[in-house]
Amino acid sequence: MFADILDSLNDWASDEGGLRVIIVLDEAQELVKARGGFDVLPVLAYAYDNLRNITFIITGSEFRVFTKFLKLNDPESSLLGRAYVNITLKPFSKDQAIEFLRRGFRGAGVLNLTRLSRCMRSLVVILVG
């Protein structure tokens, strides 16, 4: 069923002039806890091999996403040998967090950056400390 949904999304993207469908699985380490025994790895491997208009971004806050869930180095894994990119992010400093938010809001067309900066500084103090 999940593969059928991915097939349909891939066909739709192709029909729309080669659009790319990006599917984000955030906190993927939580999928290890999924009940019912559904193994998503063969479906991901199928999509990787056959569905050119679909890209997966799999994120998680724990390294075991790659070791326990994706099993990228496990000879029994459906994903063994598939190319992937691993990006490790470190926590932002207070100044980095403020600049990240400032650029994001500017890119979104928020014009009153002075007032927004005060709000962002308060938010960053709460989130980063």
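Observations, loosely collected:
- Within the accessible area of region 1-107 (1.4 Å probe), percent carbon and sulfur: 55
- Database remark: amide H of residue 54 closer than 5 angstrom to the amide H of 21 (H placed geometrically; neighbours at sequence offset of 5 or more, or on other chains; Pro and chain starts carry no H).
- Anchor residue 68: aspartates and glutamates whose Cα lies under 18 Å away (excluding residues fewer than 8 positions away in-chain): 26, 27, 30, 39, 76
- The slack between residue 106 and residue 80, meaning 0.36 nm per residue of separation minus the straight C-alpha distance, is 5.2 nm.
The values are calculated or read from the model by the stated rules, or taken from the named source; none is laboratory data. For clarity, every value in this text was computed on a predicted model and none was experimentally measured. Remember, those area values only see protein heavy atoms, side chains included, never the ligands or the DNA or RNA. Shrake-Rupley method; radii C 1.70, N 1.55, O 1.52, S 1.80 Å.
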